[in-house]
There are 2 protein chains.
Amino acid sequence: MLADMVSVSARPRECSIARTLEIVGEKWALLAVREVFLGNGRFDEMVRRTGAPRDTMATRLRALVGTGILERRQYSEHPARFEYHLTEAGRDLYPVILTLMHWGDKHLAGPGGVPLVLEHRCGHRLSAELVCQACGEPVVAEQTRPVRTR
Amino acid sequence: MLADMVSVSARPRECSIARTLEIVGEKWALLAVREVFLGNGRFDEMVRRTGAPRDTMATRLRALVGTGILERRQYSEHPARFEYHLTEAGRDLYPVILTLMHWGDKHLAGPGGVPLVLEHRCGHRLSAELVCQACGEPVVAEQTRPVRTR
DNA sequence: CTGTGTTAGTCCGGAATCTGGACTCACTGT
DNA sequence: ACAGTGAGTCCAGATTCCGGACTAACACAG
């Protein structure tokens, strides 16, 4: 009868981070998405450029289509051929991909510099930064705090 | 003898995203980091609030310490007790965590609204956005392109 | 000093997943 | 007729994951 009291605050948080990771929190899933961002929507090419086992890639792609991040479109009728495209939700993952890349560039760059440079349409080399929409200041952990709701 | 020609462009990309995911590209690892950001550095608490198997959490924490994302500090001598803290590199993961959370808030919010609201020190509810450091414009995938280096 | 808690793990065995490689099927282009 | 491509599937062995039980070392209550 005490079980409930004991388990108060004992269960995992409800959390958007956890929920998101449930869907894309796996190397091959995110690398598949990276490939599509880079313009590679074909199965074989994705396997080649990511290094994922074909089997695993097939499974991940099915899941990503299932959760509405990718869309599988036929681009050739007779030899039936397909290509994966980003949905709206998929495109929204760009910031995730970029922040991961940024972290890797900073903390894991090899001797040859960063592996991939992106250019923004403004003409500069892209270096993206997370800012508060309200005040425009860069966001750092120490300057935010959780708000109690319930 | 043709093997080399055939394999040209056939190997996985070198990529900061892939490298980063090699380290934090796993649910429990990132959720452990989330907990530390939220001020929870104790093992038991982390297990409780993430829902990870204790075993797995122990393994992840070892790895995160090994790669320099967390630091294990003793906070009590006699009953030897430890707490995990973020290193500089760990703190740099904040944007990754935030963009994941933002995506989840937008695409997976339940009926009760988003599970966790953060407040920026500017007083507003935090809604973070990725902008180009050069021009200040929000970054969208279509407005960036890879630059050929090698 | 006995019993109950707390913290930080470890140990275990079965279940689920991952992996690389071979294989398929339906074409196409030479 | 033969090699090639694209999109997978199948397989068996290796690896990881998972939940639950267990340990050790103390603190505090009664």
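Derivation of every value follows stated rules applied to the coordinates shown; laboratory data play no part. Values in this document were obtained by computation on a predicted structure and should not be read as measured data. As a convention, Cβ positions derive from the backbone with ideal geometry for all residues, glycine included, and neighbour counts pool all protein chains shown.
Highest-first packing order for the peptide set B:118-128, B:99-109, A:139-149 is B:99-109, B:118-128, A:139-149, based on the mean count of other beta carbon atoms within 10 Å.
Packing-based ranking of A:54-61, A:70-77 yields A:54-61, A:70-77, ordered from highest to lowest mean Cβ neighbour count within 10 Å. As a calculated quantity, the FRET efficiency between B:R121 and A:V65 at R0 = 30 Å, using C-beta atoms, amounts to about 0.15.
Phi angles of the stretch A:103-114 translate, via the Karplus equation with coefficients 6.51, -1.76, 1.60 and θ = phi - 60°, into HN-Hα couplings of 4, x, 4, 6, 9, 10, 5, x, x, x, x, 6 Hz per residue; Gly and Pro are given as x.
The Stokes-Einstein estimate for the protein assembly as shown, based on a Kirkwood radius over Cα pairs and taken at 10 °C with 1.306 mPa s viscosity, is a diffusion coefficient of 77 µm²/s. With all pairs of separate Cα atoms included, chain B yields a Kirkwood hydrodynamic radius of 18.6 Å. Among the residues of A:25-38, the average count of other protein chain beta-carbon atoms within 10 Å of the residue beta-carbon is 4. Across identical copies of the chain, A:R148 has label-point separations of 6.0 nm, listed in ascending order, with the point defined 7 angstrom from Cα along Cα→Cβ. Taking all Cα pairs closer than 8 Å and separated by 6 or more residues, the relative contact order of chain B comes to 14 percent.
For a straight C-alpha distance cut-off of 18 angstrom, the aspartates and glutamates reachable from B:K106 (same-chain residues fewer than eight places away being disregarded) are A:E14, A:E22, A:E88, A:D92, B:E119, B:E129.
Computed over neighbours whose Cβ is under 9 Å from that of A:P12, the net charge equals +3, Lys and Arg +1, Asp and Glu -1. Counting Cβ atoms of other protein chains within 10 Å of each residue's Cβ and taking the mean over peptide B:53-61 gives 0.
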